[in-house]
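Trainee: What follows is a structure written as structure tokens; I'll ask about it next.
The values are calculated or read from the model by the stated rules, or taken from the named source; none is laboratory data. These numbers were taken from a predicted model, which means no experiment stands behind them. Heads up, the Cβs are rebuilt from the backbone with ideal geometry, glycines too, and the neighbour counts pull from every protein chain shown.
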Amino acid sequence: MRLRRFLGRKTILCLLSSLFLFTIAIGVLRHEIQSGLDRWCMTAQTAHPHPGDDVAAMLDYVQSETHPLRERNYVVWALGQARDPRGVPVLERYLTGEPCNHAECLCQGELEKAIALCKDPTPNLLRIRTP
């Protein structure tokens, strides 16, 4: 009887601890995504000002050959997180269907993910503030 009660309490404690850790992990993930999106919105606005329209600034940033490919790839990621359908036509222009060549063109995998997110009408489950 005591063993059964002990195991019951231990199981509940374990479940509650797991739930707490899961909640913390989701919070950290949400914070990292939000801060990354905010950073790249600000970077794009600084380089290509579009007051009040971060997506337009990011689209200009991605299309600009003056910025390093690595940074443009981060902005492609941010556009995916923003989930704005205006990004689809611009991002699709950079799809080649070839394997990734990060030295010469935007990451094909990141482009595909960003396009899929921009087309997806499902709201962001992490409640990321979008531009």
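Trainee: Does A56 meet the test of being within 18 Å of E110 (Cβ to Cβ) and crowded, with 18+ Cβ neighbours inside 10 Å? Working first, answer last.
Mentor: Values: within 18 Å of E110 (Cβ to Cβ): no; crowded, with 18+ Cβ neighbours inside 10 Å: yes.
When the stated conditions are applied, A56 does not pass them.
Trainee: Exactly one of these conditions fails for E92: (1) farther than 25 Å from H31 by Cα; (2) at pLDDT below 95. Give me its number.
Mentor: (2)
Trainee: Could you check G27 against (1) free of Cβ contacts under 8 Å to residues at least 40 places away in the same chain; (2) under 15 Å from A114 (Cα atoms); (3) of a type in the set (G, A, S) and say which number it fails?
Mentor: Condition not satisfied by G27: (2).
Trainee: Continuing with the same structure: For E98, only one of the following conditions fails: (1) farther than 21 Å from A44 by Cβ; (2) touching a Lys or Arg at 6+ places or on another chain (Cβ under 9 Å); (3) not basic (K, R). What is its number?
Mentor: All conditions are met except number (2).
Trainee: Another one. Considering only residues that are part of a helix (DSSP H, G or I) and farther than 19 Å from Y61 by Cβ, which ones fall in region 113-131?
Mentor: The answer is A116, K119.
Trainee: Let me ask another. Would you point out which residue out of P89, P85 is under 25 Å from S35 (Cβ atoms), without any contact (Cβ under 8 Å) to a residue 40 or more places away in the chain and surrounded by fewer than 17 Cβ atoms within 10 Å (Cβ to Cβ)?
Mentor: Of the residues listed, the single one that is under 25 Å from S35 (Cβ atoms), without any contact (Cβ under 8 Å) to a residue 40 or more places away in the chain and surrounded by fewer than 17 Cβ atoms within 10 Å (Cβ to Cβ) is P85.
Trainee: I would also like to ask the following. Any chance region 27-39 includes a residue that's modelled with pLDDT of 95 or more and either closer than 25 Å to R129 by Cβ or surrounded by fewer than 18 Cβ atoms within 10 Å (Cβ to Cβ) (or both)? Don't jump to the end; show me each part of the working.
Mentor: Restricting attention to region 27-39, the residues satisfying the condition of being modelled with pLDDT of 95 or more are 39.
Still in the list and also either closer than 25 Å to R129 by Cβ or surrounded by fewer than 18 Cβ atoms within 10 Å (Cβ to Cβ) (or both): 39.
Yes: one or more hits.
Trainee: Scan region 71-99 residue by residue and report those that are part of a helix (DSSP H, G or I) and among the hydrophobic types (A, V, I, L, M, F, W, C).
Mentor: Correct list: V75, V76, W77, A78, L79, A82, V88, V90, L91.
Trainee: Return a yes/no flag: does region 92-109 have any residue that is surrounded by 13 or more Cβ atoms within 10 Å (Cβ to Cβ), under 19 Å from R39 (Cα atoms) and within 15 Å of the chain's Cα centre (by Cα).
Mentor: No, there is no match, as no residue in region 92-109 is surrounded by 13 or more Cβ atoms within 10 Å (Cβ to Cβ), under 19 Å from R39 (Cα atoms) and within 15 Å of the chain's Cα centre (by Cα).
Trainee: For S17, are the conditions met, namely being loosely packed, with under 15 Cβ neighbours inside 10 Å and over 24 Å from A116 (Cα atoms)?
Mentor: The answer is yes for S17.
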